[in-house]
């Protein structure tokens with residue numbers, strides 16, 4: 001006579017207490033098959049999930065991944081998309097632990113699809129839950145892209161990042177439905193970045209434009225409400241998205257890219273000045289530093305060096321001498337790129353002085369060496 005499911009569960013618990021994990025997991029697999037035969041896919045999935053957990057505890061990763069996959073499929077059959085997605089994620093981890101990157105990528109893809117199905121189902125009844133589900137879908141497809149990249153399959157990795165973008169756009173739309181403008185802007189920005197990495201520039205530009213528009217409108221509203229600092233944070237995000245837009249144009253229309261790089265750099269400088277007026281030197285320094293990096297990308301080395309030095313002075317005013325030293329070193333690199341070793345030497349000496357104030361002796365020594373190298377080079 002076949003033992004009942006309760007008796008089998010008791011045996012599994014007994015085996016687990018004795019640390020006979022493989023045997024305990026095998027019993028849970030048996031329970032899963034019995035429940036599936038009885039037409040209970042949810043119960044069968046739960047039993048397979050328990051088997052997978054025990055296999056993982058016993059360091060049997062391949063078997064754990066197999067049972068997680070079975071649990072995911074059974075949960076899908078039962079209409080439990082979130083639980084299916086969780087088990088697909090567990091399967092992906094199991095495959096990764098044994099070095100099976102192809103199966104890991106497949107499992108992450110299925111996890112993303114399951115989360116997306118959950119999001120679609122919640123869109124009308126629970127927009128917040130839908131937003132969270134689409135966010136998880138984007139994360140799963142990101143992991144899929146990483147796995148495919150590690151396998152040396154850039155084409156399929158690009159497709160995975162396109163799915164990240166699609167999930168991000170859906171999350172943004174769900175946030176708009178809730179009138180959560182900040183979350184919507186964040187998701188549009190993430191979608192734009194994902195589309196950029198998936199070589200779908202038109203979608204990237206559209207997503208970045210929507211994100212910028214939301215950040216700018218939030219900045220205006222916050223400014224009108226007297227929340228100046230929060231408004232400046234929104235404008236900084238907008239400038240960062242303009243830089244992302246420039247990077248997309250550099251991929252498809254290099255002739256137009258420079259204008260967008262300049263707009264991004266100017267926006268950061270304007271943002272930095274506004275932070276200075278608000279007596280926030282550290283934030284001003286960070287914005288000027290961002291502008292300096294963009295100018296260096298445009299090969300505007302002189303302007304880049306001046307902006308880095310300005311950022312350094314602001315960091316020093318904020319008593320953040322370590323960051324001030326770093327900014328002076330970046331200025332030195334910009335001046336060296338245009339062979340102005342006299343200016344590079346001055347920036348190197350300033351970096352050393354800031355590192356001395358920060359009590360960072362190794363970097364103080366390095367800055368002195370770099371300054372001496374620049375001084376030696378300016379003679380020739």
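Only the coordinates and a few stated rules stand behind these numbers; no lab work does. Quick caveat: nothing in here was measured; it's all calculated off a predicted structure. Heads up, the Cβs are rebuilt from the backbone with ideal geometry, glycines too, and the neighbour counts pull from every protein chain shown.
Counting every other Cβ atom within 10 Å of each residue's Cβ, 283, 77 order from fewest to most as 77, 283. Taking 124, 263, 170 in turn, the Gaussian network model of the chain (Cα-Cα springs below 10 Å) assigns the largest fluctuation to 124. The calculated Kirkwood hydrodynamic radius for the range 98-163 is 12.0 Å, given to one decimal from all distinct C-alpha pairs. How big is the Kirkwood radius of the chain, worked out from every pair of different alpha carbons and given in Å to one decimal? Kirkwood radius, the chain: 24.3 Å. Largest GNM mean-square fluctuation across 25, 191, 259, computed for the chain with C-alpha springs under 10 Å, falls on 259.
Classification of the range 261-380 by its C-alpha gyration tensor yields an oblate form. The axis ratio a/c (a ≥ b ≥ c) is 1.5 or more, and b/c is at least a/b. With the convex hull drawn over the C-alpha atoms of the range 1-40, the volume per residue is 60 Å³. Over all directions, the projected convex hull of the C-alpha atoms in the range 26-101 averages 4.3 nm² in area.
Simple spin-label estimate for residue 277 and residue 262 gives 2.4 nm between the two label positions (7 Å along the Cα-to-Cβ direction from each Cα). When 313, 359, 9, 350 are arranged by Cβ crowding within 10 Å, least crowded first, meaning fewest neighbours, the order is 359, 9, 313, 350. Mean residue ellipticity, 222 nm, helices only, the chain: the sum of -39500 (n - 2.57) across DSSP H runs of n ≥ 4, divided by residue count and rounded to 500, is -29500 deg cm²/dmol. Calculated FRET efficiency, residue 298 to residue 377, Cβ-Cβ distance, R0 = 30 Å: about 0.80 to the nearest 0.05.
Between the beta carbons of residue 317 and residue 179, assuming R0 = 45 Å, the FRET efficiency works out to 0.70 to the nearest 0.05.
If N is the number of residues in the range 250-293, what value comes out of its Cα radius of gyration divided by 2.2 N^0.38 Å?
1.35
Which shape class, rounded, prolate or oblate, goes with the range 1-149 when its Cα gyration tensor gives a ≥ b ≥ c as root eigenvalues, a/c under 1.5 marks rounded, and past that a/b bigger than b/c marks prolate? Verdict is oblate for the range 1-149. Cβ crowding within 10 Å, taken as a proxy for footprinting-reagent exposure, orders 142, 23 from fewest neighbours to most as 23, 142. Of all the options 257, 72, 174, the one that moves most in a Gaussian network model of the chain with Cα springs shorter than 10 angstrom is 257.
Assign one of three labels to the range 207-312, namely rounded, prolate or oblate, based on the Cα gyration tensor with a ≥ b ≥ c the square roots of its eigenvalues; rounded applies when a/c is under 1.5, prolate when it is not and a/b is larger than b/c, and oblate otherwise.
It is oblate, given that a/c is not under 1.5 and a/b is not larger than b/c.
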